[in-house]
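Step one of this worksheet: look at the structure below.
Since every read-out is calculated from the coordinates, none of them should be taken as a lab result. Since the structure is predicted, the reported quantities are computational estimates derived from the model, not experimental observations. Cβ placement follows ideal geometry from the backbone for every residue including glycine, while neighbour counts extend to all protein chains displayed.
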Amino acid sequence: MEADKEASRSLRVTLIAGATASGKSGLALRMAERQGGLIVNADSMQVYAELRILTARPTAQDETRAPHRLYGIRSAREAYSVADWLRDVAPLVAAARQGGPPLIIVGGTGLYFKALLEGLSPVPDIPDVVRRHWRAEAVALGPVRLHAELARRDPLTAQKLRPSDPQRIVRALEVLEGTGRPLSEWHQVAGQPVLRESEAVKLYVTLPRADLYARCDARLDRMVEAGALDEVRGLSSLNLPADRPATRALGVEALMAHLGGHIGLEAALEQAKIDTRRYAKRQLTWARRNMLSWTPYSEK
């Protein structure tokens with residue numbers, strides 16, 4: 001027990017968050033090369049194997065410069081949740097506590113960091129029959145009607161979810177039916193953190209808004225040059241259900257519309273850039289509300 005306490009006191013995990021295209025991955029790579037350490041993904045889209053380019057996953061060359069974990073570990077055919085990520089990251093934190101490589105956890109999914117430091121509410125397992133029912137309802141009703149159903153049954157949770165987020169809407173409905181309690185109530189039950197605040201150095205990468213948006217636009221142009229259209233074509237060939245998270249990766253919808261002959265490439269790129277800037281803005285808003293204790297970090 002005393003050895004565990006000593007290991008915990010000496011452990012320092014670096015957490016790097018920030019909006020999309022802010023330079024988080026580059027910072028993590030430089031830190032890993034200078035200090036040693038294992039770079040761990042905390043981005044909900046970079047887990048999907050089929051989406052290296054559009055999700056700005058580290059390149060194969062990056063992966064030779066420092067060890068990376070939890071990148072490209074799931075098929076786009078599968079859903080991957082924050083609970084899945086916690087289960088995958090927990091052994092890495094445990095190994096670091098026992099003298100393994102220090103961790104640099106980097107990504108733009110704020111909910112992953114929140115769950116890492118605060119834990120998840122202990123929602124019981126949901127019966128498969130309930131899960132199958134609501135996944136079928138998501139296909140039959142569509143996201144807007146599904147969100148309306150959630151608003152009728154659990155208005156507090158519905159207020160926090162967008163109709164364009166069917167995965168979380170389905171989760172809220174299946175929890176309500178499977179447990180008899182709305183997800184908003186379960187969220188009031190404290191979970192167990194995987195990483196303690198005292199063990200973490202928390203950095204939030206900042207850029208002037210205009211610079212961030214310019215980087216978002218330029219990166220999308222580079223993605224198309226690097227083969228993003230072929231990547232989206234491959235994703236489309238999987239015929240994924242609408243509730244699969246990978247279909248909501250930035251740029252996928254617009255580029256699929258182009259590949260389907262509905263809009264030109266220039267219009268698709270412009271829409272993807274608009275969507276990316278809007279997403280970056282939402283990330284910044286979330287951080288202002290939920291990451292007040294994080295240290296701002298700027299290269300300038």
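A Cα-only calculation for the range 128-186 places Rg and Dmax at 10.1, 27 Å. Contact order for the chain, expressed relative to its length and based on alpha carbon pairs under 8 Å spaced 6+ residues apart, stands at 27 percent.
Treating each Cα of the range 247-300 as an identical point scatterer and summing with the Debye formula, the log10 of I(q)/I(0) at q = 0.23 Å⁻¹ comes to -0.83. Would you work out if the range 166-265 is rounded, prolate or oblate? Take a ≥ b ≥ c from the square roots of the eigenvalues of the alpha-carbon gyration tensor; rounded if a/c is under 1.5, else prolate when a/b is larger than b/c, oblate otherwise. It is oblate, given that a/c is not under 1.5 and a/b is not larger than b/c. Taken over the alpha carbons of the range 1-134 as equal point scatterers, the Debye sum produces base-10 log I(q)/I(0) values at 0.09, 0.11, 0.13 Å⁻¹ of -0.30, -0.44, -0.60. Per residue, the chain reaches -16500 deg cm²/dmol at 222 nm when only DSSP H runs of four or more residues are counted, each adding -39500 (n - 2.57). Karplus-based coupling profile of the range 61-66, in residue order and whole Hz: 5, 4, 6, 7, 7, 7, with θ = phi - 60° in 6.51 cos²θ - 1.76 cosθ + 1.60 and x standing for Gly or Pro. With viscosity 1.306 mPa s and temperature 10 °C, the Kirkwood radius over alpha carbon pairs of the chain converts through Stokes-Einstein to a diffusion coefficient of 78 µm²/s. The order of the peptides 75-84, 227-236 by mean Cβ neighbours within 10 Å, most packed first, is 227-236, 75-84. Student exercise: in the chain, how many lysine pairs 8 or more apart or on different chains have Cα atoms under 27 Å apart? The number of close lysine pairs in the chain is 19.
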